[in-house]
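Please treat every number below as a calculation from the coordinates, not as lab data. This one's a predicted model, so the numbers in the text were calculated from it and none came from an experiment. Every residue, glycine as well, gets a Cβ built from its backbone with ideal geometry; the counts of neighbours run over all protein chains shown.
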Amino acid sequence: MFLVPALEASAFIGFVFPGEIAVPLGGVLAQQGKVPLWLVFVLGSAGSIVGDSIGYEVGRRYGDRLLRRLPRWLVKPEHLERGKDLLRRRGGVAVFLGLFTAVLRVMIPGLAGTCRLPYRSFVVFNVAGAIAWTIETALSGTSVPTSASAGPAASSAAGTSAPESSA
């Protein structure tokens, strides 16, 4: 739960390691009593914050060179320019809001570094956004019914069958 969010934005590789999978699964595990929910919040938030800080630094040091090498089918140059423009105009607010959109969450930290958004501004809004995103995303995992807790209706809706009672 720490590693996947950390890898997501650390070097523009979130397309390979999506946090949208790990954090809700952590919520499911918490719902099942296998891990405490607070631990999912802490690990998911910390992973996101660390990964985004690495992504910021990668963007600051190598951003434009890396971005020029991305395939055009993956990220269109005009989208990158719009993202940079948004960061220049809105600063930290763009960082916070960008964390709630999958593609932006991957790109925003590196773009913030590329745009030379002051790190202090980046980290304040990133920490707030990472915590809010992790809590919201983990809680979505806790609302997923499991076949054991939801009964036969959820099991058949999920494509499995519950054993019939012969009472």
The range 3-145: equivalent-ellipsoid semi-axes (sqrt of 5 x gyration tensor eigenvalues, Cα, Å): 27, 15, 12
Could you work out how far apart the two model spin labels at His79 and Thr101 are, taking each label as a point 7 Å from the Cα in the direction of the beta carbon, and quote it in nm? 1.0
Between the modelled labels at Ala128 and Thr142 (7 Å from Cα along Cα→Cβ) the distance in nm is 2.3
7 Å from Cα along Cα→Cβ at both Asp64 and Arg88: what's the point-to-point distance in nm? 1.2
Pick out, in residue order, every one of the trypsin sites (Lys or Arg not before Pro) in the range 59-144 that is DSSP loop and has at most 16 other C-beta atoms within 10 Å; say none if there are none. Arg72, Arg116
Once phi is turned into θ = phi - 60°, what whole-Hz ³J(HN,Hα) does the Karplus curve with 6.51, -1.76 and 1.60 give for every residue of the range 36-41, x standing for Gly and Pro? x, 4, 4, 5, 4, 4
